[in-house]
């Protein structure tokens, strides 16, 4: 399957990239060790980004992280990787149902907050910055039954002079009949992927590699399709 490259721009201290991670922590994530995998993999991802971020006077990446179930719980907003405490990143699959609309709305607000923070950087070049990336992970059906399209569209349409917000939607062993909602969330249907639960840690590790190298997330999705 061929994919269009999302961006060739590199994250620097004057063109930092916003990365948003939204992770399902509903009851079904407690099965098959998925919550434990998510915790360990997210911590490893943050450690990697901490090691590769810019020095004390600048940053290449600004992170938003949240978990969601019946409600959405922010874990980091517009944060440098080094400012995120690893013990904040804890997933237990004990957050209730799978309410996607609220999680998408949180992501929209978080991206806007992070963009505002970037614009405070002297010499910030928004047009030269890589597209903000949103990774949306879920293993279950959208239990609220609410239409995700308006919230997903609002997230994708956050104004960004450098291009657009790119949303990658990752199903974790989702029932094939439930997976189409992820295609509605993603920026394009081909940026939605349904991975085996055993691949969760590997996928999150590859997210870190993709972001650090400035590669297109399309190649990441292609690997797991």
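In Å³ and rounded to a whole number, note down the convex hull volume per residue for the Cα atoms of the chain.
Convex hull of Cα atoms, per residue: 99 Å³.
Among 207, 148, 134, which comes first, then next, by fewest other beta-carbon atoms within 10 Å?
148, 207, 134
How much length would be gained if the chain were fully extended between residue 85 and residue 14, taking 0.36 nm per residue of separation minus their Cα-Cα distance, in nm to one decimal?
Residue separation times 0.36 nm, minus the Cα-Cα distance, leaves 23.1 nm.
Pick from 27, 128, 145: which residue has the top mean-square fluctuation in a GNM of the chain where Cα pairs under 10 Å get a spring?
145
Fewest to most neighbouring Cβ within 10 Å: what's the order for 39, 113?
Fewest to most other Cβ atoms nearby, the residues stand as 113, 39.
Taking only Cα atoms, what is the 0 to 90° angle, nearest 10, from helix 200-213's long axis to the longest principal axis of the chain?
Orientation of helix 200-213: about 20 degrees from the principal axis.
DSSP beta bridges in the chain, what fraction antiparallel, as a percent rounded to 5?
Taking every DSSP beta bridge with both residues in the chain, the antiparallel ones total about 20 percent.
In a Gaussian network model over the chain where Cα atoms closer than 10 Å are linked, find which of 37, 184, 88 has the largest mean-square fluctuation.
88
Report relative contact order for the range 91-219 in percent, whole number only (criteria: Cα-Cα under 8 Å, sequence separation at least 6).
23
Can you tell me the orientation of helix 34-52 relative to the chain, as the angle in degrees between its alpha-carbon axis and the longest Cα principal axis, to the nearest 10?
10
Sequence gap at least 6, Cα distance under 8 Å: using those rules, report the relative contact order of the chain to the nearest whole percent.
Computed value for the chain: 26 percent relative contact order.
Restricting to DSSP H runs of at least four residues, report the calculated mean residue ellipticity at 222 nm for the chain, -39500 (n - 2.57) per run over all residues, nearest 500 deg cm²/dmol.
Result for the chain, helices only: -10500 deg cm²/dmol.
Put a dot 7 Å past each Cα toward the Cβ at residue 161 and residue 188; how far apart are the dots in nm?
The answer from the label model is 2.6 nm.
Hey, with R₀ at 45 Å, roughly what FRET efficiency would residue 116 and residue 177 work out to, going by the Cβ-Cβ distance, to 0.05?
E between residue 116 and residue 177, to the nearest 0.05, is 0.70.
Based on alpha-carbon centroids, what's the gap between the range 9-58 and the range 94-136 in Å, whole number please?
If you average the Cα positions of each part, the centres end up 13 Å apart.
Estimate the FRET efficiency between residue 36 and residue 196 by the formula 1/(1 + (r/R0)^6), using the beta-carbon distance for r and 22 Å for R0, to the nearest 0.05.
Between residue 36 and residue 196 the formula returns 0.90.
Fewest Cβ neighbours within 10 Å first, please rank 40, 127 accordingly.
The fewest-first ordering by Cβ neighbours comes to 127, 40.
Based on the Cβ-Cβ distance from residue 44 to residue 124, what FRET efficiency comes out when R0 is 35 Å, to the nearest 0.05?
With R0 = 35 Å, the Cβ-Cβ based efficiency is 0.75.
Name the residue, out of 180, 122, 130, whose mean-square fluctuation peaks in a Gaussian network model built on the chain with Cα pairs under 10 Å.
122
Where a number appears in this text, it was derived from the coordinates with a stated rule and is not lab data. Treat the numbers as computed from the prediction; the structure is a model and nothing was measured. We place every Cβ from the backbone using ideal geometry, glycine too, and count neighbours over all the protein chains shown.
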